[in-house]
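Undergrad: Let me begin by handing over the structure; questions about it come next.
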Amino acid sequence: MKCHEIRNLALAYLDSELDAKTSQEIQLHLQSCGECAQLFEREEKFNECLSKVLGVGQPTPALWEEIESRLRHQHRSAWLFPRWRAVALGSFVVLILAGWLTGLIGSRFGASSLDLAQAVVKDHREFLQGKITPEFKGALPDEVAKKLGERLDAAAFDKIPSTGRFRSEGARLCHVGGVPVAWTLGRYDDVPVSVIVFKRSELEHFPKTERRLETGEPIVCTRTGHFQFAVRFAGDHVVCAIADTSKQTLEDLVRSVL
Amino acid sequence: MVREDEQPADRFLALLRPIERDLEVYCRRLVWNEHDFRDAIQNAVMRGFKAFDRYHDDTNFRAWMFKILTNETFALNRKYARAAKHEFHLDPEELAVLPAPQSASAETDWLAAPGALREALDECLVAALQTLTDTERAVLLLRAIGEFRYVDIAESLAIPLGSVMGNLSRARLKMRNALQRSQSRTAP
Ligand SMILES: [Zn+2]
């Protein structure tokens, strides 16, 4: 082989990717050709250095711990799924029967199949039009606290974005698809945002969202018209937000809720 | 019942733990946007676990996870549409040109560099990596960090073997040039 042919194979030779015969041929050439030998030596040194610096780094323990716990949680919910489905199917049949008997089937069924994003976008539009305004600012007033009942707790009103780019304009108690929610109205870099928080046990009213969150997706996003919607679990609550902004922005916002 | 049920997660984690570091280092170098690496890793692990029942013991778990992670990272990188997507072919002319020997110590010095210089080097490295296309970067990193053979890399990225060599050689050449440029800028 000539010098240029040998040099074409330098990479594969140094990576030990050549067959024995070709390798040997190159080895012989390098013994007799100083110029190629020098090139190969420098190439080898560079590749070694490069691999070494590229491979430097330590894992992030918090990330892997989070992954591990999510993995175990997902595994448990996968195990529970068939039983949950059986129960749900049972109550679904009862619901249909009850609905048929009472003539309420349309409204009951409609409410339970309403997707969370679609439910929320309507109210967010009303907020933008000034039809929905905050009831209070700051701490939860007693008269609102009295109206909460068992389906919503005061802690839901504390779940607001912690990022400095979010400014709350106040909050109110609302109902979304029949579910009581803590609704915080605010701005993120001047873009109006609705942040909606409710109890995790109420998520069954939004089966599409529930299914996606239960498969372990950390933040579930969707677009409704020109609005971006994002939702995630935060302890015993479900936190979601909607705004006319990018997916990345809304993910950051929702992630910042403590 | 519960004991039996814990097994897939335990088996999966037992295989995953030894390669966590390599997966993370690989992913951090492969993403366009450094903030994406967590999402890429989380998505990849969840995807891997969901497909774990289709995983067989004779499959190379390491190669399998690297492949999934590569796909997840590429998916996130696509948001940044900075790298043009095109298929590569061997370019004999480019391959034939091995850089001529230059001042001998230039590129090896930076390895011994301590502290602050090391950080500056890492910046250079990130900048140099960004001159590569997604495929070039993946091939380079799968070899350097994953220590995979060319055939495994070809399989992982679904590209021909010749394309692995072409991309690898272009990637190393680009890295060398970019690092030499930054070296000459920072050298006294
Ligand atoms: Zn020669």
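The values are calculated or read from the model by the stated rules, or taken from the named source; none is laboratory data. Just so it is clear, the model here is predicted, and its values are computed rather than measured. Virtual Cβ from ideal backbone geometry, glycine too; neighbours counted across all protein chains shown. Side chains included, ligands, DNA and RNA excluded: accessible areas come from the protein's heavy atoms. Shrake-Rupley method; radii C 1.70, N 1.55, O 1.52, S 1.80 Å.
Undergrad: Among helices (runs of 4 or more DSSP H) lying entirely in segment B:125-188, which contain 3 or more residues that are crowded, with 20+ Cβ neighbours inside 10 Å and in contact with an Asp or Glu (Cβ under 6 Å, 6 or more places away or on another chain)?
TA: Qualifying helices (runs of 4 or more DSSP H): B:161-186.
Undergrad: Give me the residue from segment B:7-49 that is at the interface with chain A (Cβ under 8 Å from one of its Cβ atoms) and modelled with pLDDT under 90 and, out of that set, most open to solvent (accessible area, probe 1.4 Å).
TA: Ranking the candidates gives B:8 first.
Undergrad: Against the definition (among the hydroxyl-bearing types (Ser, Thr, Tyr), within 14 Å of another protein chain (Cβ to nearest Cβ), open to solvent by 50 Å² or more (accessible area, probe 1.4 Å) and closer than 24 Å to residue A:66 by Cα), how does residue A:215 come out, yes or no?
TA: Criteria met by residue A:215.
Undergrad: Can you name the residue in segment A:218-248 that is part of a strand (DSSP E or B) and among the charged types (D, E, K, R) and is also surrounded by the most Cβ atoms within 10 Å (Cβ to Cβ) among such residues?
TA: Among them, the one singled out is A:232.
Undergrad: Being within 13 Å of the ligand (Cβ to nearest atom) and part of a helix (DSSP H, G or I) is the filter; apply it to segment A:1-12 and report the residue that is most open to solvent (accessible area, probe 1.4 Å).
TA: A:4
Undergrad: Would you pick out the residues in segment A:13-50 that are of a type in the set (Gly, Ala, Ser), within 13 Å of another protein chain (Cβ to nearest Cβ) and within 16 Å of the ligand (Cβ to nearest atom)?
TA: Residues satisfying the conditions are A:34, A:37.
Undergrad: Can you list residue pairs whose Cβ atoms sit under 9 Å apart, with the first residue in segment A:1-25 being of a type in the set (A, V, I, L, M) and the second being open to solvent by 80 Å² or more (accessible area, probe 1.4 Å) and not in a helix (DSSP H, G or I)? Count only pairs 6 or more apart in sequence or on different chains.
TA: Close Cβ pairs satisfying both conditions: A:9/A:1.
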